[in-house]
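Heads up, the thing below is written out as structure tokens.
Quick note: the coordinates plus some simple rules give every number you see, no bench work behind them. Bear in mind that the values here come from a model prediction, so they are computed numbers and not experimental data. Every residue, glycine among them, receives a Cβ derived from its backbone with ideal geometry; neighbour counts consider all protein chains shown.
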Amino acid sequence: MTFNPLQERGIPLDKQLRNWRELNVTPTDPDHADPYTRCRIITMNGIEVEAIMFSHHLARHCPDVELKQQLARVRYIEAQQQKAVNWLLPGLASVLETTMAYEQVAVDLTAWVARMEPDAYLKQAYQFGVLEDFDHLYRYANLYEMIEHRKAEKIVDQLTEVMPGRPTYLHHRNPVDNVREPYDRSSAAPISKLHALTIMSAEQQTMNFYMNVGPMYMEPIARQLYQEIGLIEEEHVTHYESLVDPGESWWEMLLNHEYNECYLYHSFMETESDPKVKNIWELHLNMELEHLRLAAELFKRHDGRDPEQVLAPELPAPVTFEPNKQYVRELISTQIDYTTLGTGYVQEAHERFEKMQEAIMGGEKAPSERVIDDNRAKSGHEYRLQTEGEHPVHSLAYNR
Ligand SMILES: [Fe+2]
Ligand SMILES: [Fe+2]
Ligand SMILES: [Fe+2]
Ligand SMILES: [Fe+2]
């Protein structure tokens, strides 16, 4: 069945406000919830946070008071949506457990996007990034075993493997080399624009999360690991945001944001296993349809163009959380030694990369390496979850 959000009617804006009782959502069950339900919650939180921050930036560039007021009205609803969504997470999870869930999102969402992306250059950008977040999961899983004495499979279940990807210490590139070429807004497929917004938003929320929770730990190795990976998430935001064509007008960007919210709520409504959570996706979709209609009005008025010229004629296939184990293994065996040079990719270390490495390491091992050594020393082994057999790269095979 085709679904064109531009043709659908949503909830009128003045009917979207929720009271405390309606905002007081029931959190998911920490022991029995589907890990991918948690992934959908985290994804939508990232999307709503981006909707809020984008609207704030737009408002700061907007001289017209009436327009600012309309932005404020919609943004308040986005803020309520963010609360409803993120408050679905059960309070019981530790910061590290939530961290691993964030990296699971980064792995399975980015892998899915890489598989579906039609443009070769954009696809490469997702393939490149996924191998790094995959490795972050492994580093955090070892920290988790070491300081909380638990195993990451409690969080990721058997859905996502935990083993080395591109080693984290090699993610520290000269910032110049994190900037990609953007897609061309006039020729890019609509799905490519949605993919870029989605992954950018997810990485941005991970970056924000680590910069805030990192210092909440007492253990020096934990504090250091969050600093290290927090800096890589900064690189990832730079990497993904640069894929978006900066030639889009503010109204076109607003339109793409609202369209993407419709797309993702619709996707998750179609694929959600928890009926209570599904109801929230459906309610929010109906709110977003109205946000989209309002954005389309602004786009027509200020850009003098039809939304149909820039948006897809119907929603693309739903974004789906599912295991990507074989896909990630294939990437590991072919792209593990990639790094970036300018806006492209190379397989060997270059001068600018090595200079950066030297400067940031200061002659010491990175926290991401030490955390594995420390866990081996404490637990007698390193933590891995290899459900599909031995590591695809011989030198990274597990030896006890
Ligand atoms: Fe929203
Ligand atoms: Fe990450
Ligand atoms: Fe990342
Ligand atoms: Fe919205």
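Calculate the translational D of the range 206-352 in whole µm² s⁻¹ from Stokes-Einstein, where the hydrodynamic radius comes from the Kirkwood formula applied to all Cα pairs, the temperature is 37 °C and the viscosity 0.692 mPa s.
This corresponds to a translational diffusion coefficient of 171 µm²/s.
If you plug each phi of the range 301-312 into the Karplus form 6.51 cos²θ - 1.76 cosθ + 1.60 with θ = phi - 60°, what whole-Hz ³J(HN,Hα) values come out, in order, with x for Gly and Pro?
5, 8, 9, x, 10, 8, x, 4, 5, 10, 9, 5
Averaging over every viewing direction, what projected area does the convex hull of the Cα atoms of the chain cover, in nm²?
Average of the hull's projected areas for the chain equals 20.0 nm².
Given that compact globular proteins tend to follow 2.2 N^0.38 Å, what is the ratio of the alpha-carbon Rg of the range 269-343 to that value?
Compactness ratio reported: 1.72.
Could you tally the net charge around Lys83, taking each other residue with its Cβ under 12 Å from the Cβ of Lys83, Lys/Arg +1 and Asp/Glu -1?
Net charge in that neighbourhood comes out at -2.
Enumerate the amide H contacts of Leu341 below 5 Å, restricted to partners 5 or more residues apart or on another chain; note that Pro and chain-start residues carry no placed amide H.
Residues meeting the criterion, in which the H sits 1.01 Å from N, are Val346.
Report ³J(HN,Hα) in whole Hz for each residue of the range 178-191, in order, from the Karplus equation J = 6.51 cos²θ - 1.76 cosθ + 1.60 where θ = phi - 60°; Gly and Pro get x.
Those phi angles translate into 8, 7, 9, 7, x, 5, 9, 4, 7, 10, 5, 5, x, 5 Hz.
Hey, any idea what Rg/Rh is for the range 59-121, computing Rh the Kirkwood way over Cα pairs?
Result for the range 59-121 is an Rg/Rh of 1.18.
For the range 1-103, what D do you get in µm² per second when you plug the Kirkwood radius from alpha-carbon pairs into Stokes-Einstein at 10 °C and 1.306 mPa s?
The Stokes-Einstein estimate is 100 µm²/s.
Would you kindly derive the ³J(HN,Hα) couplings of the range 332-338 from the backbone phi angles with the Karplus curve 6.51 cos²θ - 1.76 cosθ + 1.60 (θ = phi - 60°), listing them in order in whole Hz, with x for Gly and Pro?
With coefficients 6.51, -1.76 and 1.60, one gets 4, 6, 10, 10, 4, 9, 6 Hz.
Rg over Rh of the range 153-293, using C-alpha atoms and the Kirkwood radius, what does it come to?
In the range 153-293, Rg relative to Rh is 1.02.
Apply the Kirkwood formula to the range 323-400: the hydrodynamic radius equals the inverse of the mean of 1/r over all pairs of different alpha-carbon atoms; give it in Å with one decimal.
The answer is 15.2 Å.
With only alpha-carbon atoms in the gyration tensor, what are the semi-axes of the equivalent ellipsoid for the range 44-198, in Å, largest first?
32, 24, 14
At 222 nm, what helix-only mean residue ellipticity would the chain give, in deg cm²/dmol to the nearest 500, using -39500 (n - 2.57) for each DSSP H run of four or more?
Theoretical 222 nm ellipticity from helices: -20500 deg cm²/dmol.
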